[in-house]
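Structure, as structure tokens:
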Amino acid sequence: MKAVWNGVTLAESDKTIVVEGNHYFPPDTVNRKLFQPSETHTICSWKGEASYYTVAADGKTNTDAAWFYPSPKPAAAQIKDYLAFWHGVKVEP
């Protein structure tokens, strides 16, 4: 799977984990230089608190386009620190 935004590959892996229809990418498959920490946090009743990144690629930014669970609840332990995408990021094979 590949996550692409603004013509730039953000992450690529054949070991994503699919949860609720979203592909979560292993942390070591993400191009970290394209990510800026965000102050945004949301709560999922069964996964826990999500943290977000803003993506910056080719001179444009996509606020809170990626999220992850740094300390997930036990039911979601397998996606700890894995990144998922939205806000126009295309995730495709």
Handout entry: Mean shadow area of the chain over all directions, Cα convex hull, nm²
Key = 5.5 nm²
Handout entry: Using alpha carbons only: equivalent-ellipsoid semi-axes of the stretch 1-54, gyration tensor based, whole Å
Key = 20, 16, 9
Handout entry: Relative contact order, percent, the stretch 1-50 [alpha-carbon distance under 8 Å, six or more residues apart]
Key = 23 percent
Handout entry: Whole-percent carbon and sulfur share, accessible surface of the chain, 1.4 Å
Key = 51 percent
Exercise for the section: For the chain, please report how many Lys pairs fall under 27 Å Cα to Cα, leaving out neighbours fewer than 8 apart on the same chain. Expected result: 21
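So, for the chain, what is the accessible surface per residue at a probe of 1.4 Å, expressed in square angstrom?
Details: 5160 Å² over 93 residues.
With the other protein chains kept in place, the chain gives 55 Å² per residue.
Hey, what D do you get for the stretch 43-93 in µm²/s if you plug the Kirkwood alpha-carbon radius into Stokes-Einstein at 20 °C and 1.002 mPa s? Don't skip to the end; give the middle numbers.
Numbers: Rh = 11.8 Å.
After rounding, the answer is 181 µm²/s.
Compare Glu39, Glu20, Glu49 by solvent-accessible area with a 1.4 Å probe and give them largest first, with all protein chains kept in place. Show your work: numbers first, answer last.
Numbers: Glu39 170, Glu20 125, Glu49 90 Å².
Descending order: Glu39, Glu20, Glu49.
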Exercise for the section: Could you tell me what percent of the DSSP beta bridges with both partners in the stretch 15-93 are antiparallel, to the nearest 5? Expected result: 95 percent
Completion exercise
Of Lys47, Lys80, Lys15, ordered by accessible area with the largest first and a 1.4 Å probe, the sequence is Lys15, Lys80, Lys47
Exercise for the section: For the stretch 35-68 and the stretch 1-32, write down the distance between their C-alpha centroids in whole Å. Expected result: 14 Å
Completion exercise
Dividing the mean separation of Cα pairs under 8 Å (6+ apart) by the residue count of the chain yields a relative contact order in percent of 29 percent
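The values are calculated or read from the model by the stated rules, or taken from the named source; none is laboratory data. The shown structure was predicted, so the numbers you read here are calculated from the model rather than taken from an experiment. For the accessible areas, the whole protein counts, side chains as well, though only heavy atoms, and no ligand, DNA or RNA atoms are used. Shrake-Rupley method; radii C 1.70, N 1.55, O 1.52, S 1.80 Å.
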